[in-house]
Amino acid sequence: MKDVIQFLFRGRIEEVIQPLPNLTVLNWLRERKGATGTKEGCAEGDCGACTVLVGSLHSGKLEYRPVNACIRFLPTLDGTHLITIEDLMSDELLHPIQEAMVEHHGSQCGFCTPGIIISLFGLYLEKSRSNTGLTRKEIDDALAGNLCRCTGYGSIVSAAYDAFSSKRSGWVEKNIQETTSLVESIRPKKGVALDVHHQLYFAPTTLEHALGLVKAYPDATLLSGGTDIALQVTKRFDRLDKIIYLGQIEHLKSISKSNEGWTLGSGVTFSQMMGISDQIHPHLLATLERVGSVQIRNAGTIGGNIANASPVGDLSPLLMCLNAVLTLRTNEASRKLPIEEFFIEYGKTALRSGELIESIFIPRLPANSRFSSYKVSKRHDQDISTLLGAFRVDIDQGIIIKVIIAFGGMAEIPKRADNCEQALHQQPWSQAILASAAEQLSNDYSPIDDFRGSAKYRSRVAVNLLHRFWLEQANPEIPHRINYYPDNIVNDHA
Amino acid sequence: MIMPDRNYHESSRAHVTGAALYADDISNIGNLLHGCVQASTLARGTLCALNLERVRQSPGVVAVLTAADVPGVNDLSHLPDGGGEPLFIEKEIVSEGQAVFAVIADSLDNARQAAKLAVVEVEPSSAVITINQAIDADSKIAPSRKIKVGDSTRAIDNSAFQINGSLYTGGQEHFYLEGQISIAIPKESGAMTVIASTQHPSEIQSTLALLLGVSSNSVTVQTRRIGGGFGGKESQGSLCAGVAAIAAQLTSQPVKVRLDRDQDMIMTGKRHDFRIDYKAGFDNDGLIRGVSLDYASRCGHSLDQSKAVNDRALLHADNAYYLENATLTSHRYHTNTTSNTAFRGFGAPQGMLGIERVIEEIAFTLQQDPLDIRLANLYRTPNRSVTPYGQEFDSKVLVRIIGELTEHSEYRSRRKKIRRFNQGSPVIKKGIALTPVKFGISFTAIHLNQAGALLHIYRDGSVQLNHAGVEMGQGLHTKILRIVQDILTIERSDIRIMATNTEKIPNTSPTAASAATDLNGMAAASAATVLHDRLIKVASHRLDLPEAELSLSDGFLHTGDKPIMSFNELVNEAYLQRVSLFATGFYRTPDINFDPDSFTGSPFYYYANGAAVSEVEVDLLTGEHKVNRVDILHEVGQSLNEEIDKGQIEGGFIQGMGWLTMEELVWNDQGVLQTHSPSTYKIPTCRERPSIVNIDLLRDAPNQVESIYRSKAVGEPPLMLSISVLHALSDAISSVANYRICPQLNVPATPEHILESVQRVEKLGLASV
């Protein structure tokens, strides 16, 4: 184990000996490096003013992804390349995105601007690997985690179209070879162990090592993407005295496919999952891309989302419908658990002391399965669900031979609708049957009133979502969802 | 299209490279201490005991401040007539978020950790939280105001049709991206310099003088730029500045106080929420014969700017419509919630919602297109042109705007198309609406309509420009640079715009009321003209030519077309001739008057007009919606900078749309704000921007009154263009009962409120079949 972290910053290897485990990348930049271009807007990963790019190696290739520096702890940068707004210019020349932002009046007060540019730059690097033209949806996706209160976004959208049509590349793109070998040279071979001001931090590189640590420090905080856990430090000003960071364990990030289905390591990020979700089921993506923002999905892991056991975690209802099975590991043993058995009550899961979620197995859906899920929130992007419904029926000769209905936001844990399911099982797939089964939802759930929605609203919408599931299967040619990108609408840049 | 360089935002290069410095980015201040303010978690009660021993003992703590540590007057209100708003609570707690104490430590983290160690004993008492509670308790914070023209009661009673109802509008958090912050730096002999994120440096200056018990000449406040204001930094900056200045005086060290986002949202004021009760009478022609509008607003725990905000609501209760018989009443309620304050539009948006609802109700009653009801009731010269408060309004421009917009947006044909679409679409319903805006420009507090500028020319020909306005992203500095540049005919790069500073321009008005360019632009033009004329005189003297034959252009002195000497040479010549190379400029808006007691006069120098057509689609199963398209035609006079003006229009529209559709402030029964961070309070993201946004500036429409370049103010008016979104939603919802029932949609039209409205309309529709 080592007590120093290394990452690439401003073209050279930055070594930080004994970094404070609770120090965020944002505070390190602003307070220790005087790099104040990256801003704090909310300290909870919701406004994007702190967006930076983190480059890391994936099968020998350097991939840059925007993340929120305000909820990222510095030690987790070990072995990466950190890019901030100050890196974009080369030889006094603005990057095409910066130039376009100037020319299109993309900044007004300017406070969100560095974060906006970094998010667009992340997309720019991604698009430079493909030959497809930029779409409005890609811009909206890239900026879903960046709030601007001044512009109304129009000038930023125009700037993006303009910049992306440029063929010019900046410093980062030009130096990608050299940078790759530099990052290669600092790839963490040894785990990190820190003990600074009574704050312990471990970043093991193997699962076995991690499990040993989990056993040795049963009260430690297990940190993956940190998109929720870091808020204890940045919002509640608590200190996390013992952290075991799981993000350096390659094994947990693996994705494999077999005839039976998919196995996803618990450290797979939402972004990675989105990359293959179409192959699991084409309807998954529409919900996954409404989880957090690009920055959050680049950091947040599926294991973290499950282990967090939030009543409004978006992944769990989906996985329940897909009959996902968790593999839970200690150093001594491994067991499998259907995901719905994982959640016991609010804040309580089936995870035992010393145990980690190793992977999630998602079996292949049979051909006669119909599946869909709907997220409902006040805002389309980067919002926590008021409720989320996931629906699956397997139909054989017009009869429902298998049914799973699961909701988030309707109970203290993600939960299946047992009574409603029972009312549908072995029944004909028909509107009347569905309508009468929907009445059972009030026996399955007693949702709460909160600022996201009243119990009455949640109950009503739960019924309506089941209705939508029917409508979309029965009448696919009629619109049943809001269409954000209608074909007949001319691109506003044209 | 590539614009000439000088049109770009003056800070844009600094913005896009991260080099633009905001208060929190200023790093070269030695021995800087950090403050953390601890706020009340109780809405109403008594502070019984405050034990700060463990706070004081905590690592890094240098000082702990409470009400007892305020050297001068413990008050931020800035109002002589009972606005009382203590910086620190003394005994009575009247709202969540009031400051109880502040910790000053060597790091922000140490200050925050220490603050948690306080033992605060409070005794809760019953609190008034909602508007309805306040109305029931009759807890007024200021006397009600009324505008009465004609006899509305009789007119309503004698009409063929009567409608009445209520409308609730929620408040709005400013959500400027840069939160509240101040840095106080103690200087010699009791002086203090404060770097503040504020729209109103002069008010911070005078408030600090009172808090510190010194005179104003001991306090200097400066602001280079702020990361958004929207009204939220007009009076709200005093809290951070006050704590920082008191701590700096006490410790003789610089102190920074920056609120974190949650504190900011809990502690500082927001847009006023309103209940509007309306009653109207009309005949078959849709003309409003009589109307009564009752506005009840939640002002919060102190007066702050509530009087002026509610005055402006009343002054915009007519929006664009002539009201022959009207009783317009405004009640201002005291509640145990954060003290509501200025927010872009300053009461006018709420004022307009009432009459727009009335228009809508008439349209549903008469089964007509609401646009036709709007047109019927519009102000018309000469017989229908006097506002309820007695100012003449010439509606020619507005009539033109509505006409052109109706045509260009194809409103009429789209409306038909949408109705056909809805017939074949059981779940997704579309809607469309056109609403106008008439917004009065000038501070209604007449004395605020003044501004100053100070221009220095140095011997090398470079220029420093100071004026009274604050750059908060609206492009003020860019416009003013252009004005000075045009007069002196030099490059923009030769002029450096300086931080707004009370040392340079005293007694400034807030950068607010959309008027900053109007006021400061005129002042700067005046200063530049003085120097221009002096330079011409110098040249005339030197060259022995009549002044009339000399001119400045392209940075050169010319006779006729012939350049004679460069601006720089001319400046040096002036210096050698011992001619002053600095000048002040001052401007006061002419021809305005207002008597706030009788509520009559001509408070507005002019009106800014516009209209918008919005098209939406609503999901009947969840109440979610999307704005698909907006067409805007807006009047900015002779634009000083078209791109900046369009940016203000679009930004204002989207901000208004956020207020009307998604931004929801929720307090629990105890008066504790539940939505105090962006994870729970949602402002529009890029995806909410409609797929089609067509923004046009009204062409060939210079300001009729003499304003700077005959331009018009643009900061606030466009926000109210978003009212078209609310009415388009209403149109979509009403389709579920074949457009027979007015949905009476409340604000914000969140999915839940829309779904409620859908259910209500469905039910009433069935009942009325």
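The values are calculated or read from the model by the stated rules, or taken from the named source; none is laboratory data. Everything numeric here is computed off the predicted structure, so don't read it as measured data. We place every Cβ from the backbone using ideal geometry, glycine too, and count neighbours over all the protein chains shown. In case anyone asks, the SASA skips ligands and DNA or RNA and just uses the protein heavy atoms, side chains included. Shrake-Rupley method; radii C 1.70, N 1.55, O 1.52, S 1.80 Å.
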The condition from (1) away from every other protein chain (no Cβ under 14 Å); (2) open to solvent by less than 40 Å² (accessible area, probe 1.4 Å); (3) out of contact with any helix residue (DSSP H, G or I) (no Cβ under 6 Å at 6 or more places or on another chain); (4) over 15 Å from A:Met320 (Cβ atoms) that A:Ala437 misses is numbered (3)
Return a yes/no flag: does the stretch A:467-479 have any residue that is in a strand (DSSP E or B) and either over 30 Å from B:Ile695 (Cα atoms) or within 9 Å of another protein chain (Cβ to nearest Cβ) (or both). no
Which residues, taken from the stretch B:246-272, are more than 14 Å from chain A (Cβ to nearest Cβ) and in contact with a Ser or Thr (Cβ under 6 Å, 6 or more places away or on another chain)? B:Val257, B:Gly269, B:His272
The residue that is nearest to the other protein chains (Cβ to nearest Cβ), considering only those in the stretch B:690-706 that are assigned to a loop (DSSP other than H, G, I, E, B), out of contact with any Ser or Thr (no Cβ under 9 Å at 6 or more places or on another chain) and open to solvent by less than 50 Å² (accessible area, probe 1.4 Å), is B:Ser691
Mind checking which residues of the stretch B:428-445 are in a strand (DSSP E or B) and either at positive phi or among the hydroxyl-bearing types (Ser, Thr, Tyr) (or both)? B:Thr435
Only one of (1) within 26 Å of B:Tyr22 (Cβ to Cβ); (2) touching a residue at least 24 places away in the same chain (Cβ under 8 Å); (3) open to solvent by less than 20 Å² (accessible area, probe 1.4 Å) fails for A:Glu99. Which number is that? (3)
For the stretch B:675-689, enumerate the residues that are among the basic types (Lys, Arg) and either surrounded by fewer than 19 Cβ atoms within 10 Å (Cβ to Cβ) or over 23 Å from the mean Cα position of the chain (by Cα) (or both). B:Arg687
From the residues in the stretch B:147-167 that are in contact with a helix residue (DSSP H, G or I) (Cβ under 8 Å, 6 or more places away or on another chain) and open to solvent by 20 Å² or more (accessible area, probe 1.4 Å), which one is farthest from B:Arg271 (Cα to Cα)? B:Phe161
The listed residue being among the polar types (S, T, N, Q), more than 14 Å from every other protein chain (Cβ to nearest Cβ) and open to solvent by 20 Å² or more (accessible area, probe 1.4 Å), out of B:Ser218, B:Ser202, B:Ser238, B:Ser182: B:Ser218
Residues in the stretch A:141-199 that are of a type in the set (Asp, Glu) and touching a strand residue (DSSP E or B) at 6+ places or on another chain (Cβ under 6 Å): how many? 0
Quick one: which residue in B:Leu665, B:Leu640 is open to solvent by less than 10 Å² (accessible area, probe 1.4 Å) and at pLDDT 95 or above? B:Leu640
Take residues that are open to solvent by less than 30 Å² (accessible area, probe 1.4 Å) and farther than 30 Å from B:Gln113 by Cβ and tell me which of the strands (runs of 3 or more DSSP E) falling wholly in the stretch A:222-321 contain 1 or more. A:261-265
When restricted to B:Leu519, B:Leu557, the only residue buried (at least 24 other Cβ atoms within 10 Å of the Cβ), in contact (Cβ under 8 Å) with a residue 60 or more places away in the chain and out of contact with any His (no Cβ under 6 Å at 6 or more places or on another chain) is B:Leu519
Counting only strands (runs of 3 or more DSSP E) wholly inside the stretch B:271-356, the ones holding at least 3 residues that are basic (Lys, Arg) and either under 24 Å from B:Asn668 (Cα atoms) or open to solvent by less than 10 Å² (accessible area, probe 1.4 Å) (or both) are none
For residues in the stretch A:340-362 being assigned to a strand (DSSP E or B) and of a type in the set (D, E, K, R), which is most open to solvent (accessible area, probe 1.4 Å)? A:Lys348
Positions within the stretch B:611-624 being more than 7 Å from chain A (Cβ to nearest Cβ) and open to solvent by 10 Å² or more (accessible area, probe 1.4 Å), in sequence order: B:Glu615, B:Leu620
Hey, could you check the stretch B:6-20 for residues that are surrounded by 18 or more Cβ atoms within 10 Å (Cβ to Cβ) and in contact (Cβ under 8 Å) with a residue 24 or more places away in the chain and say which is farthest from the other protein chains (Cβ to nearest Cβ)? B:Glu10
Quick check: is even one residue across the stretch A:153-161 in contact with a Phe, Trp or Tyr (Cβ under 8 Å, 6 or more places away or on another chain) and either in contact (Cβ under 8 Å) with a residue 24 or more places away in the chain or not hydrophobic (A, V, I, L, M, F, W, C) (or both)? no
Residues A:Leu77, A:Leu62, A:Leu57, A:Leu93: which one is open to solvent by 20 Å² or more (accessible area, probe 1.4 Å) and away from chain B (no Cβ under 14 Å)? A:Leu57
If you go through the stretch B:558-566 one residue at a time, do you hit one that is aliphatic (A, V, I, L, M) and under 19 Å from B:Tyr458 (Cα atoms)? yes
Filter the stretch B:637-662 for residues that are charged (D, E, K, R) and within 9 Å of chain A (Cβ to nearest Cβ) and give the result. B:Glu643, B:Lys646, B:Glu650
Can you run down the residue pairs with Cβ atoms below 8 Å, 6 or more apart or on separate chains, where the first is in the stretch B:21-37 and within 12 Å of chain A (Cβ to nearest Cβ) and over 15 Å from B:Ala111 (Cβ atoms) and the partner is modelled with pLDDT under 95 and open to solvent by 30 Å² or more (accessible area, probe 1.4 Å)? none
Of the residues in the stretch B:123-161, those that are over 20 Å from B:Ser306 (Cβ atoms) and touching a Phe, Trp or Tyr at 6+ places or on another chain (Cβ under 8 Å) come to B:Ser159, B:Ala160, B:Phe161
Looking for something within 14 Å of chain A (Cβ to nearest Cβ) and at pLDDT 95 or above - is there at least one such residue anywhere in the stretch B:431-442? yes
Evaluate the stretch A:306-326: report whether one residue or more is touching a residue at least 40 places away in the same chain (Cβ under 8 Å), β-branched (Val, Ile, Thr), farther than 30 Å from A:His467 by Cβ and not assigned by TED's automatic domain parsing to the domain that holds A:Asp228. no
Out of all the residues in the stretch B:38-53, which are of a type in the set (S, T, N, Q) and either within 11 Å of another protein chain (Cβ to nearest Cβ) or in contact with an Asp or Glu (Cβ under 9 Å, 6 or more places away or on another chain) (or both)? B:Ser40, B:Thr41, B:Thr46, B:Asn51
Hey, among the residues in the stretch B:727-746 that are among the aliphatic types (A, V, I, L, M) and open to solvent by 10 Å² or more (accessible area, probe 1.4 Å), which one's nearest to B:Ile276 (Cα to Cα)? B:Ile741
